[in-house]
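First comes the structure, then the notes that go with it.
Please treat every number below as a calculation from the coordinates, not as lab data. Computed from a predicted structure; not experimentally measured. Here Cβ is always computed from backbone atoms with ideal geometry, including for glycine, and neighbour counts include all displayed protein chains.
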Amino acid sequence: MKKSCRLVTIDRPVVVCGNGALNQLERFLSSNRMNREKIFILTDRETHRHCLPVLLSASGILDQAKYLTVAGGEESKTLETAAGLWEQMLAAGADRNSLLVNLGGGVVSDLGGFVAACFHRGIRYVNIPTSLIGQADASIGGKTGINLGRIKNQIGVFCNPAAIFIDPVFLTTLPRTHLRSGWAEVIKCTLTGDERLWSRLVNHPVEALVELPVNDRLIEHVISNTVDYKLMLVKKDFRERNLRKILNFGHTLGHAFETFSMGRQGESLLHGEAIAAGMICAVMLSRLKTGLDPAEGDKIIRYLQAGYGKFSIGTTDVEQLLQIVGHDKKRRNGAIEFTLLTRPGKAKIQVPCREEEIVQAVRFYQDL
């Protein structure tokens, strides 16, 4: 990977991406005249253990920062967890001039962004994503949120971070399962907006991608392209009223699979695993609704199934999945709006799908 990193600005955030990105953190904190005693670092237990030492070695300004730690996983994205963090911050002297540094994957950036956006009506925060999902997707775009019960991301605000530092060094701390999960979001981006990169990835099985060293040129290219792609969409449609909905491909049913799996002991899906299942269903719907070529659809399905397997659902589970989808924010006029493919690299947003069509897609997945 190149030793230089690049700096891009979109609206408010500073985005530093590439090998050595953490080297820019000290300069950013100094230029913003941050009070060392007013900086808080949010981690989960794993990132506290494996990633916090890397972060602290990159910035002496953080030597007096206060630590906030939550359990990992979607179970931490609750109002109760957020309230606990607010109380800890108040007790430690946080005020409107404080800074919250979110060091972790998508859960930490979602939760931490929400906590920062609401505390004292909004304090500055910085995202330092440590997972591939975080680096390619979750840390970018200002979406913050927590879950309501078992339904994902029902409460949240759009609030841009002050800065995002994306350094591949953290990928070395990830277990294989989390790397594999992250690649699903990368695949989503290629299928919706980069046919050339999809054509390149499809020749590399997901398991082979997981084995790549973090300094491999393909990883450099993938992270750079996906970051640029999301920055472009966010810049044009920050509040997801139109174009940015492209990124919902695979997520409508994917979130339902993820939520449903939380209720099955020992079978909870990682986010990327659930999105892979959602993308397979969305490919089936794309055949029905947007004219995706069946041969292209079969290629995508074979690739995703080979890489992510299949989550087992019974006949009686389909109704529960539909109930979860019914809570989706994309419901309109009695139908659920999906982002679907017209061809690899080209997506169509807000395609209304009736319940019987969604059931057909789920049954197709069930019968694979």
- Note on the structure: Computed curve, the range 117-239, Cα-only Debye sum without solvent term, log₁₀ I(q)/I(0) at 0.18, 0.22 Å⁻¹, is -1.03, -1.34
- Task: Could you grab the relative contact order for the chain? Cα pairs under 8 Å, six or more apart, rounded to a whole percent.
- Result: 14 percent
- Message: Could you compute how fast the range 203-304 diffuses translationally, taking Rh as the Kirkwood radius over C-alpha pairs and applying Stokes-Einstein at 20 °C with viscosity 1.002 mPa s? Give it in µm² per second.
- Response: 136 µm²/s
- Computed ³J(HN,Hα) along the range 276-287: with the Karplus parameters 6.51/-1.76/1.60, θ = phi - 60°, integer Hz and x for glycine or proline, the list is 4, 5, x, 5, 4, 5, 5, 5, 4, 5, 5, 5
- Once all Cα-Cα distances of the range 178-366 are split into 10 Å bins that start at 0, what whole-number percent is in each one? 9, 39, 37, 14, 1
- Could you give log10 I(q)/I(0) at q = 0.09, 0.10 Å⁻¹ for the range 6-174, computed by the Debye formula over C-alpha point scatterers of equal weight, without solvent? -0.25, -0.31
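For the range 113-262, what does the relative contact order come out to in percent, with C-alpha contacts under 8 Å and a separation of six or more?
Values: 172 pairs, mean separation 36.7, N = 150.
Averaging sequence separation for qualifying contacts and normalising by length gives 24 percent for the range 113-262.
Using the per-residue mean of other Cβ atoms lying within 10 Å as a proxy for protection, in what order, highest first, do the peptides 177-187, 59-69 fall?
Values: 177-187: 23.8, 59-69: 16.1.
Ranking the peptides 177-187, 59-69 by packing returns 177-187, 59-69.
Counting pairwise Cα distances across the range 280-323, what percent come out greater than 12 angstrom? Mind showing how you got there, number by number?
Details: 629 of 946 pairs.
Percentage above 12 Å: 66.
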- Query: Which percent of Cα-Cα pairs in the range 16-102 sits in each 5 Å bin, short to long?
  - Reply: 3, 13, 22, 23, 19, 14, 5, 0
- Expressed in angstrom and ordered largest first, the alpha-carbon extents of the range 218-272 along the principal axes are 40, 32, 13
- Query: When the Debye formula is applied to the Cα atoms of the chain, each taken as the same point scatterer, what base-10 log of I(q)/I(0) results at q = 0.10, 0.11 Å⁻¹?
  - Reply: -0.59, -0.72
- Note on the structure: Any trypsin sites (Lys or Arg not before Pro) in the range 249-323 that lie in a DSSP loop and have at most 16 other Cβ atoms within 10 Å would be Arg264, Lys310
- Message: Using amide H atoms built in the peptide plane, which far-off residues or other-chain residues are under 5 Å from Thr342 H to H?
- Response: Ala347, Lys348
- Work out from phi, with θ = phi - 60° and the Karplus expression 6.51 cos²θ - 1.76 cosθ + 1.60, the ³J(HN,Hα) of each residue of the range 209-216, listed in order in whole Hz, and give x for Gly and Pro. 4, 4, 7, 5, x, 5, 9, 5
- Item | In Hz, Karplus ³J(HN,Hα) per residue of the range 240-248 (6.51, -1.76, 1.60; θ = phi - 60°; x = Gly, Pro) | 6, 8, 8, 4, 5, 5, 3, 6, 7
- Task: Compute the relative contact order of the range 49-189 as a whole-number percentage, counting only Cα pairs closer than 8 Å that sit 6 or more residues apart in sequence.
- Result: 22 percent
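Give me the percent of Cα-Cα pairs in the range 278-368 that sit more than 21 Å apart, rounded to a whole number.
30 percent
Taking the square root of 5 times each eigenvalue of the Cα gyration tensor, what semi-axes in Å does the equivalent ellipsoid of the range 80-145 have, largest first? Please report the intermediate quantities before stating the final value.
On the way: eigenvalues 89, 24, 19 Å².
Each semi-axis is the square root of five times an eigenvalue, giving 21, 11, 10 Å.
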